[in-house]
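The values are calculated or read from the model by the stated rules, or taken from the named source; none is laboratory data. Quick caveat, the model's predicted, so the values are computed rather than measured. We place every Cβ from the backbone using ideal geometry, glycine too, and count neighbours over all the protein chains shown. To get the accessible areas, we keep the full protein, side chains included, count just its heavy atoms, and leave off ligands, DNA and RNA. Shrake-Rupley method; radii C 1.70, N 1.55, O 1.52, S 1.80 Å.
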Amino acid sequence: MIRAIVCALVVESVAGFTASVTKLPQQARTVAASTKMEVDEMVIGVQPPAGFYDPLGFVAKDGPEAFIRRRAVERKHGRVCMMAITGLIVHNAGIEFPGYLSVSEDLKFSDIPDGITGIFAVPPAGLAQILAFFGIVELAWWPASNYSGDYGCGFFGAKYEGAEKVQKLNAEMANGRLAMLGIAGAMFAEGQTGMTLAEQLDAGKLLLI
């Protein structure tokens with residue numbers, strides 16, 4: 001049952017979004033013209049129904065450079081959350097890495113519980129390795145200082161240009177925003193119920209629309 005639901009969720013999520021672009025206000029277009037980016041960041045993520053949503057006027061107040069940095073942070077958080085929600089679905093489907101997480105502690109990957117509590121079952125040395133890997137990625141491999149978010153990897157090797165690239169970036173932004181909401185909702189639900197996603201599905205306490 002759980003595997004069937006998980007497969008349906010994965011298939012549905014792969015469809016993503018065919019994002020359309022909302023026309024920007026004159027102020028946003030003026031600010032965008034002053035930024036020298038391969039892709040206009042003032043266009044990416046501007047989607048109905050909100051359009052160019054800046055009710056507190058941060059773009060006009062802080063300038064385009066601050067906006068581009070905030071957009072880069074949003075994109076990075078979205079990518080992390082997309083990986084997180086994928087991991088959540090996979091682990092709750094009972095799919096685990098084979099073998100040992102720690103041979104010295106006789107700890108297998110399958111011994112790590114699903115959900116939030118799993119992090120507390122990872123040995124300190126394992127957590128240190130995870131943090132060290134994050135540091136290498138952030139500072140050297142895919143540096144956070146690259147605000148474009150383009151690290152030359154493409155989409156599974158495929159490269160896009162022009163309007164097609166904008167469409168793909170819009171889909172990534174929309175999926176990332178949903179993933180941020182999804183993983184946050186899953187964590188709050190687990191904290192509230194004390195049950196993992198799979199346990200909530202089994203108990204009929206999770207409504208899938």
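Can you report the number of residues in region 22-60 which are more than 23 Å from Gly176 (Cα to Cα) and either within 21 Å of the chain's Cα centre (by Cα) or at pLDDT below 50 (or both)?
10
For Phe109, indicate whether it is of a type in the set (A, V, I, L, M, F, W, C) and within 17 Å of the chain's Cα centre (by Cα). Break it down into steps so the answer makes sense when it comes.
Working: of a type in the set (A, V, I, L, M, F, W, C): yes; within 17 Å of the chain's Cα centre (by Cα): no.
Here the answer is no, as Phe109 does not meet what is asked.
For Gly182, which of the numbered conditions (1) more than 17 Å from Val46 (Cβ to Cβ); (2) free of Cβ contacts under 8 Å to residues at least 60 places away in the same chain; (3) surrounded by 16 or more Cβ atoms within 10 Å (Cβ to Cβ) fails to hold?
Going through (1) more than 17 Å from Val46 (Cβ to Cβ); (2) free of Cβ contacts under 8 Å to residues at least 60 places away in the same chain; (3) surrounded by 16 or more Cβ atoms within 10 Å (Cβ to Cβ) one by one, Gly182 breaks only (2).
Just checking, does region 79-93 include any residue being under 30 Å from Val43 (Cβ atoms), part of a loop (DSSP other than H, G, I, E, B) and open to solvent by 50 Å² or more (accessible area, probe 1.4 Å)? Outline the logic, then answer.
Our first condition is that a residue be under 30 Å from Val43 (Cβ atoms); within region 79-93, this holds for 79-86.
Then drop every residue that is not part of a loop (DSSP other than H, G, I, E, B), which leaves none.
No, region 79-93 has no match at all.
Could you figure out which of (1) over 26 Å from Glu65 (Cα atoms); (2) modelled with pLDDT under 85; (3) surrounded by 11 or more Cβ atoms within 10 Å (Cβ to Cβ) isn't true of Gly204?
Going through (1) over 26 Å from Glu65 (Cα atoms); (2) modelled with pLDDT under 85; (3) surrounded by 11 or more Cβ atoms within 10 Å (Cβ to Cβ) one by one, Gly204 breaks only (3).
Please list, ordered by first then second residue, the pairs with beta carbon atoms under 9 Å, 6 or more apart or interchain, first in region 189-203 and farther than 14 Å from Ala93 by Cα, second crowded, with 19+ Cβ neighbours inside 10 Å and of a type in the set (Asp, Glu).
No pair meets every condition.
List every residue pair whose Cβ atoms sit under 6 Å apart, with the two residues 6 or more apart in sequence or on different chains, where the first one lies in region 121-145 and is open to solvent by less than 60 Å² (accessible area, probe 1.4 Å) and the second, anywhere, is at pLDDT 95 or above and assigned to a helix (DSSP H, G or I).
Going by the 6 Å Cβ cut-off, there are no qualifying pairs.
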